[in-house]
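Have a look at the structure below before the remarks.
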Amino acid sequence: MGEMAAKLVYAAPDAPAEVVATVDVRADRAAAVGSLLGVPGFASLAEAVAAVEPDAADLRLPHDLHAAAVLEALAAGLHVLVEKPLATTADDARALAEAARRSGRVVAVAENYPHLRTVRAAAEAIAAGRIGDLVAVRSTRAYRIGGVWVRDGWRTGAGSAAGILLDQGTHHTSLLRRLAGDVVAVSAAPGRSAGDTVGLTLRFASGIVGQSLYTWQTPATVVETEATAYGTSGRIDIGIAYDTADGRAVLTTPDAPPETLTAGENYYDSHAVMVADFAAVIRDGRAPVVGVADAQADLDVVLAAARSLAEGGREIRLEEAA
Ligand SMILES: NC(=O)c1ccc[n+]([C@@H]2O[C@H](COP(=O)([O-])OP(=O)(O)OC[C@H]3O[C@@H](n4cnc5c(N)ncnc54)[C@H](O)[C@@H]3O)[C@@H](O)[C@H]2O)c1
């Protein structure tokens, strides 16, 4: 993802920030991504900080390294944009939140779904009452994992960084919370392997119900209707496209032709919007679209779902898990 961010976000003529160095524990990768941007690559953050004195770090690391990397970057006085999930344990997330508070630096989290135009348009239409009262939400993330995403094995292995729940569950929890608000309880069921396929039932504070299904075991389609919000007078379908610019949000009611709320979006467009938000927050001091508290709430749901999986599918109340 660091390489993709370099190509899609930082190499663009209107990039929201200037990259001064890249870092990867594998120096060959740091150098390769650095060469895309014409900057030096280093094998550690400490070396980069000593050499180029950056203002901020954009961290795109395996999940179990996020919390320690944020602490290291904050200790070096940097503002931080960190990938999802915020951490892999509630204790690490709490320690990170405390360090972020003390530091006075910006910590934004790279949960990019809230930066998608489709998600923003859907959330605004729901808030404006365009589908009446919200009664339920659903989401699906279905594709076959492979290629660059499995090159080092940590995502699909057995370690604390692994599994589709941490990887995609974090995204879809953030997506559904944007549409339907806070989650109060969750139960989860595994597919043949919980690492690859998981289904969740979510209860929201508003009293509505949601369902999410994630799988890495089926071919993707060009535009997946990843989420639907159902209301008393209509629905909104959110289509996400990874390889094309066909993402769109469509509002359907019984009395009118379907209304396209927004269209022409590629999933990765949201990464540029997200980095621009991070840079703007550093400059003007407002809160990021996804800050630590929001990402902690998403992680709490994911960790409660993991506990439900471990306890045979029992519904876990978030207050019980805290
Ligand atoms: N939001 C999205 O659309 C999206 C998409 C893909 C990945 N991601 C996220 O990006 C993050 C990275 O995922 P990825 O697929 O790019 O992983 P990856 O394994 O491809 O890349 C991680 C890189 O970190 C390096 N690394 C490992 N330990 C390090 C250390 N201690 N110091 C410096 N570098 C170290 C590795 O050598 C590797 O090059 C994850 O949090 C993932 O969830 C987000």
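We did not get these values from a lab; they are worked out from the coordinates using the rules stated. The structure displayed is predicted, hence computed values, not measured ones. As a convention, Cβ positions derive from the backbone with ideal geometry for all residues, glycine included, and neighbour counts pool all protein chains shown.
For the chain, what does -39500 (n - 2.57) per DSSP helix run (n ≥ 4), summed and divided by total residues, give at 222 nm, in deg cm²/dmol to the nearest 500?
-10000 deg cm²/dmol
Looking at the chain, identify the longest residue range that excludes and avoids all GluC sites (Glu not before Pro) in DSSP loops having at most 12 other Cβ atoms within 10 Å.
Longest site-free region, per DSSP loop and neighbour criteria: 19-310.
Hey, got the dipole for the chain? About the Cα centre, +1 on K and R Cβ, -1 on D and E Cβ, debye to the nearest 20?
Here the size comes out at about 460 debye.
Picking from Arg178, Arg235, Arg26, which is most flexible by a Gaussian network model of the chain using Cα springs under 10 Å?
With Cα springs under 10 Å in the chain, the top fluctuation among Arg178, Arg235, Arg26 is at Arg26.
So what's the Cα pair-distance distribution over the chain, bin width 10 Å, in %?
6, 26, 35, 25, 8, 1, 0
If you fit an axis through the alpha-carbon atoms of helix 27-37 and take the longest principal axis of the Cα set of the chain, what angle between them do you get, 0 to 90°, nearest 10?
80 degrees
Filter the trypsin sites (Lys or Arg not before Pro) in the range 68-173 down to the DSSP loop ones having no more than 10 other Cβ atoms within 10 Å, then list what survives.
Sites meeting the loop and neighbour criteria: Arg151.
Within the range 249-322, which trypsin sites (Lys or Arg not before Pro) sit in a loop by DSSP and count at most 16 neighbouring Cβ atoms inside 10 Å?
Answer by residue number: Arg286, Arg314.
Against the longest alpha carbon principal axis of the chain, how many degrees, from 0 to 90 and to the nearest 10, is the axis of helix 66-75 turned?
The answer is roughly 50 degrees.
Which is farthest toward the positive dipole end of the range 2-110 among Pro62, Gly38, Val107, measuring Cα position about the Cα centre, with Cβ charges +1 (Lys, Arg) and -1 (Asp, Glu)?
Val107
Take the Cα atoms of the range 2-110, build their convex hull, and give its volume per residue in Å³.
Measuring per residue, one finds 89 Å³ for the Cα hull of the range 2-110.
Could you work out the mean projected area of the convex hull around the alpha carbons of the range 110-229, in square nanometres to one decimal?
That works out to 7.9 nm², a quarter of the Cα hull's surface.
Report relative contact order for the chain in percent, whole number only (criteria: Cα-Cα under 8 Å, sequence separation at least 6).
Worked out over the chain, it gives 19 percent.
Counting DSSP beta bridges with both partners in the chain, what percentage is antiparallel, nearest 5?
Of the beta bridges lying entirely in the chain, close to 70 percent run antiparallel.
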